[in-house]
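In what follows, a single structure is set out as structure tokens and then discussed.
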Amino acid sequence: MTIRHLKTARSDADRAEDDAKVRSAVEATLAEIEARGDVAVSELSEKFDGYTPDSFRLTEAEIDALIAQLTDRELADIKFAQEQVRNFAQAQRDSLLDIEVETLPGVILGHKNIPVQSVGCYVPGGKFPMVASAHMSVATASVAGVPRIVACTPPFKGKPNPAVIAAMKFGGAHEIYVLGGIQAVGAMALGTETIEPVHMLVGPGNAFVAEAKRQLYGRVGIDLFAGPTETMVIADDTVDGELCATDLLGQAEHGYNSPAVLVTNSEKLARDTLSEIDRLLAILPTAETAGVSWRDYGEVILCDTHDEMLEVANDIASEHVQVMTDRDDWYLEHMHSYGALFLGARTNVSNGDKVIGTNHTLPTKKAGRYTGGLWVGKFLKTHSYQRITTDAAAAEIGAYASRLCTLEGFVGHAEQANVRVRRYGGRNVPYGEAAE
């Protein structure tokens, strides 16, 4: 096996040092929000966003006024994208059925899918107004039937972004706040004098938002650890360097720390891609951001075989994996650790980010090894229940339970079963002994 790195990224040690700094800053900030509530939130918003309105929550009149600033085409495009997300989310919801089965005569078991009762949706927007993120979290929560949906987004250039607010409103948000970063996530999870806490946090964000969600997990639920964007291109000589370079830089522009990785078995493609990246960075308007990401987090990995490429890809477990090879379906069959797959040269990650209908809130930092992305099922809790409808079933299950509880030494547990054996089975079971 021969796997070579034609370009490497920053070391794991350097990344760990960055993570430690973020962790410490987030911990201190959340403590401030918990201790000082609205005052701390207002101070943080002023510090990081230069934004301190009388109320961070938008009124219906303010929402309507912002939506009125959009053109008919902009409104139609937002609604089209949201319809695609809703349609796919509804198809997923329809696949999740409540069940009830009779496992033995008189023994009824079942489960119900119940929506989380309140969700806080974070929609990034300080650097780029992430209109699509509102569809992914707010609209999907609405399809799931969440009765209270809170949406937060930072100000864009000092004021609410009309397109983001429109997407939140159309998506079904019940409360909309112009609030960003740790202060938004902390306020939704911990609550303040004016913001009632939620039961669950969802949505992507920068490293600070992702770390805040991680630290708050347990007090509230979270969707997943969705940190800075990651992208991987798996390609062979069926495509060219321009296509690969465009797909890598298209995601690297998200931020200064967005990993972008090319995995290929063609040295010519690898070197052509490197040349194309240099050419595109000279003309790309967002090159200041994408160039830093590529310099510090870009990688080019050259393999001999598709099996090696598969192994590397599964190990990295990238958030977005663009596959452009002569065997795309083979990768679909064998890939097991990733956020989302984009198969073939005709599609691309930006389709998934903005419009095609799959959810773009996806696992990062290898979390794809144990979880998928945000989807309608994340907003549902599957709760089981049981019912015994006959005396005979109560006595039969009770006897088994009595013996198994006694086996473990749980006498009180056994008596819960024994009392049913006595009442419904007419059998004399001495207190503290196992039923025969």
Discussion item. I'm told residue 54 meets every condition in (1) at positive phi; (2) open to solvent by 70 Å² or more (accessible area, probe 1.4 Å) except one. Can you identify the failing condition by its number?
Written reply: (1)
Practice prompt. Could you tell me whether residue 421 is closer than 28 Å to residue 82 by Cα and of a type in the set (Val, Ile, Thr)?
Written response: no
Worksheet entry | Index of the failed condition, residue 236 passing every other in (1) of a type in the set (Asp, Glu); (2) open to solvent by less than 40 Å² (accessible area, probe 1.4 Å); (3) without any contact (Cβ under 8 Å) to a residue 12 or more places away in the chain | (3)
Practice prompt. Show the residue pairs that are 6+ apart or on different chains and have beta-carbon atoms under 7 Å apart, the first residue being within segment 280-307 and farther than 16 Å from residue 251 by Cα, the second being open to solvent by 40 Å² or more (accessible area, probe 1.4 Å) and of a type in the set (Asp, Glu).
Written response: 302/267
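Looking only at segment 200-221, which residues are part of a strand (DSSP E or B) and surrounded by fewer than 24 Cβ atoms within 10 Å (Cβ to Cβ)?
If the condition is that a residue be part of a strand (DSSP E or B) and surrounded by fewer than 24 Cβ atoms within 10 Å (Cβ to Cβ), then 200, 217, 220, 221 are the ones that fit.
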Discussion item. Tell me the residue from 17, 46, 60 that is under 30 Å from residue 311 (Cα atoms), loosely packed, with under 13 Cβ neighbours inside 10 Å and charged (D, E, K, R), please.
Written reply: 17
Worksheet, complete the sentence: Within segment 127-145, residues of a type in the set (Val, Ile, Thr) and open to solvent by 10 Å² or more (accessible area, probe 1.4 Å) come out as 131, 143
Response to the item:
Checked segment 310-338 for anything open to solvent by 20 Å² or more (accessible area, probe 1.4 Å) and in contact with an Asp or Glu (Cβ under 7 Å, 6 or more places away or on another chain); matches are 326
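For (1) in contact with a Leu (Cβ under 6 Å, 6 or more places away or on another chain); (2) within 30 Å of residue 74 (Cβ to Cβ); (3) modelled with pLDDT under 95; (4) surrounded by 13 or more Cβ atoms within 10 Å (Cβ to Cβ), each residue gets a yes or a no:
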site	(1), (2), (3), (4)
342	no, yes, no, yes
346	no, yes, no, no
358	no, yes, no, yes
374	no, yes, no, yes
382	no, no, no, no
389	no, no, no, no
395	no, no, no, yes
422	no, no, no, yes
432	no, no, yes, no
Response to the item:
Of the conditions (1) under 28 Å from residue 23 (Cα atoms); (2) of a type in the set (A, V, I, L, M, F, W, C); (3) in contact (Cβ under 8 Å) with a residue 60 or more places away in the chain; (4) open to solvent by 10 Å² or more (accessible area, probe 1.4 Å), the single one that residue 184 does not satisfy is (4)
Fill in: Search result, residues across segment 156-176 that are open to solvent by 10 Å² or more (accessible area, probe 1.4 Å) and within 20 Å of residue 49 (Cα to Cα)
156, 157, 158, 159, 160, 161, 162, 163
Worksheet, complete the sentence: Going through segment 184-208 in order, the residues found to be among the acidic types (Asp, Glu) and in contact with a strand residue (DSSP E or B) (Cβ under 9 Å, 6 or more places away or on another chain) are 196
Item to complete: Kindly indicate whether residue 400 is farther than 30 Å from residue 85 by Cα, in a helix (DSSP H, G or I), among the aromatic types (Phe, Trp, Tyr) and open to solvent by 60 Å² or more (accessible area, probe 1.4 Å).
Response: yes
Item to complete: Name the single residue, out of those in segment 284-302 being closer than 15 Å to residue 247 by Cβ and touching an Asp or Glu at 6+ places or on another chain (Cβ under 7 Å), that is surrounded by the fewest Cβ atoms within 10 Å (Cβ to Cβ).
Response: 286
Discussion item. Just checking: which of the strands (runs of 3 or more DSSP E) contained wholly in segment 41-132 hold 1 or more residues that are in contact (Cβ under 8 Å) with a residue 12 or more places away in the chain and closer than 30 Å to residue 388 by Cβ?
Written reply: 99-104, 107-115
Worksheet item: What about residue 100, is it out of contact with any His (no Cβ under 9 Å at 6 or more places or on another chain) and of a type outside the set (Val, Ile, Thr)?
Response: no
Worksheet item: When residues of segment 166-199 are filtered for being of a type in the set (A, V, I, L, M, F, W, C), under 16 Å from residue 139 (Cβ atoms) and not in a loop (DSSP other than H, G, I, E, B), how many remain?
Response: 5
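Find the helices (runs of 4 or more DSSP H) located wholly in segment 254-365 whose residues include 1 or more that are basic (Lys, Arg) and closer than 18 Å to residue 7 by Cβ, and list them.
Working: elements: 267-281, 287-297, 306-316, 328-334, 349-354.
Output list reads 267-281, 287-297.
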Practice prompt. Examine segment 117-126 for a residue that is open to solvent by less than 30 Å² (accessible area, probe 1.4 Å), more than 30 Å from residue 425 (Cβ to Cβ) and of a type in the set (Phe, Trp, Tyr), and state whether such a residue exists.
Written response: yes
Worksheet item: Any chance segment 228-242 includes a residue that's farther than 18 Å from residue 300 by Cβ and part of a helix (DSSP H, G or I)?
Response: no
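The values are calculated or read from the model by the stated rules, or taken from the named source; none is laboratory data. This structure is a prediction, so every number in the text was calculated from the model and none was measured. Glycine also receives a Cβ, built like all others from the backbone with ideal geometry; neighbour counts cover every protein chain displayed. Please note that ligands, DNA and RNA were not included when accessible areas were found on the heavy atoms of the full protein model with its side chains. Shrake-Rupley method; radii C 1.70, N 1.55, O 1.52, S 1.80 Å.
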